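What follows draws every value from the coordinates through simple rules; no lab data is involved. All values derive from a computational prediction rather than experimental measurement. Here the Cβ is made from the backbone with ideal geometry for all residues, glycine too, and neighbour counts use every protein chain on show.
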Amino acid sequence: MLAKRMRAAVLHGVGDLRVEEVPVPEIGADEVLVRVRACGICASDIHYVEHGHIGRYVVSAPMILGHEAAGEVVAVGDAVRSLAVGQRVALEPGVACGRCRMCKRGRYNLCPDVRFFATPPVDGAMAEYAVLRADFAHPIPASVTDRQAALAEPLAVGIHAVRQGSISLGDVVLVQGGGPVGLLTAAAARAAGAVVVVTDLFPVRRRAAEALGAVASGVDNEEVAAALHALGAPDGADVVIDTSGNRRAVAQAHERARRGGTVVLVGLPEDDAVTYHVTEIVDRELTIRGVFRYANAFPSALRLLVDHGVSYEGIITHDLPLGDAVAAVDLARTQRDRAIKVLVC
């Protein structure tokens, strides 16, 4: 018999995160109830804890954090035929309407009515149980652990960034920022056939980039230029992807792309008023593209997590039990020099 109550990491306001008991969510006819086995802490979770909002999304009522989750199906709705109790699934956290123009064009990440875990007012999955529409719960390959499957969500962001950059075999790609999304973007670019440079301030993140087969660099212009030159790209990268969200890095991303190159923006700076000179963009015929989450990327992410000689475990530096979720968030928030991906398991 399923429990009626569960523990969850609930954000009540700025700096006020608590692990407390809440009702187990009820499932609809087309939904599944998942026992969460692993949930990653994302920069957005930290931002809500520190600031209480991201743009127009404001925490005005208690909200469960977490959107990078994997677990086991423990109940299915009456209309669900695609999944069964006992299956392990990764949870794609953005459920779109399926009816609007964007959904019908396959760009459901741009659906105006999407409901995304841990985006006010929608509860997330840093809890013992989570409910999700069945078609957004993706079976996990047998060789992929629950811990690894929790990386499917940030890896999906990386895959979408690679697609937005039209990255192909032999491209030289510069990824600015060696956090979880940056590292997984580098892995996706490598899988597409690119050679990749990852920049970051912290040695632990540069070492993780090297373990994924990328070239690691510091963030200074001279270091980045030397790394690109060593890869045969003295005139700049074919594609520059910024995942750092550092305002200075975003502002100079186009300067590190070659003529005719592409800049893909993933990270969001606190002050997002970044100036690009139109004359320079036009003269060098640069393409600048944004990344908003992802669409149709979760199956690819789960396939990429299957062992291809790449160790994704190195990205996961810490895992703490749900009862220690407050400490886990604080670790991810304050210890960037040693923590990369922190999981709540």
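Taking other Cβ atoms within 10 Å as a rough exposure proxy, PHE136, PHE117 sort from fewest to most as PHE136, PHE117. Of the residues GLU128, GLU26, GLU20, the one with the fewest other Cβ atoms within 10 Å heads the list, and the complete ranking is GLU26, GLU20, GLU128. Looking at the square roots a ≥ b ≥ c of the eigenvalues of the Cα gyration tensor of the range 66-169, which shape do they give, rounded for a/c under 1.5, prolate if a/b is larger than b/c, or oblate? Since a/c reaches 1.5 but b/c is at least a/b, the shape of the range 66-169 is classed as oblate. Placing a label point 7 Å from the Cα of ASP220 along the Cα-to-Cβ direction, the residues of the range 238-272 whose backbone N falls under 17 Å from that point are 249. Name the most mobile residue of ARG37, ARG284, ARG259, meaning the one with the largest mean-square fluctuation, in a Gaussian network model of the chain with Cα contacts below 10 Å. Judging by the Gaussian network model, the answer is ARG284.
Summing +1 for each Lys or Arg and -1 for each Asp or Glu among the other residues whose beta-carbon sits under 14 angstrom from that of GLU223 gives -1. Model label sites at GLU26 and ASP113, defined 7 Å from Cα along the beta-carbon direction, differ in position by 2.1 nm. Length gained on full extension, ILE54 to ARG18, computed as 0.36 nm times the residue gap minus the Cα-Cα distance: 11.0 nm.
Along each principal axis, taking the top coordinate minus the bottom one, the Cα set of the chain gives 63, 39, 39 Å in descending order.
For ALA237, neighbours were defined as the other residues whose beta-carbon sits under 12 Å from its Cβ, and their charges (Lys and Arg +1, Asp and Glu -1) total -2. Can you bin the range 131-211 into rounded, prolate or oblate? Criterion: square roots of the alpha carbon gyration tensor eigenvalues sorted a ≥ b ≥ c, rounded for a/c under 1.5, prolate for a/b above b/c, oblate for the rest. Because a/c hits 1.5 or more and a/b exceeds b/c, the range 131-211 counts as prolate. Summing +1 for each Lys or Arg and -1 for each Asp or Glu among the other residues whose beta-carbon sits under 15 angstrom from that of VAL204 gives +2. Distance between the modelled labels on ARG81 and PHE202, one decimal in nanometres: 4.8 nm (7 Å Cα→Cβ projection). Within the range 68-177, list the trypsin sites (Lys or Arg not before Pro) lying in a DSSP loop whose Cβ has at most 15 other Cβ atoms in a 10 Å radius. Answer by residue number: ARG81, ARG99, ARG105, ARG107.
Counted by neighbouring Cβ atoms within 10 Å, the residues GLU68, GLU313, GLU285 run from fewest to most as GLU285, GLU313, GLU68. Expressed to the nearest 5 percent, the antiparallel share of DSSP beta bridges inside the chain is 60 percent. From the Cα gyration tensor of the range 191-287, with a ≥ b ≥ c the square roots of its eigenvalues, which class applies: rounded if a/c is under 1.5, or else prolate if a/b is larger than b/c, or else oblate? The shape class here is oblate.
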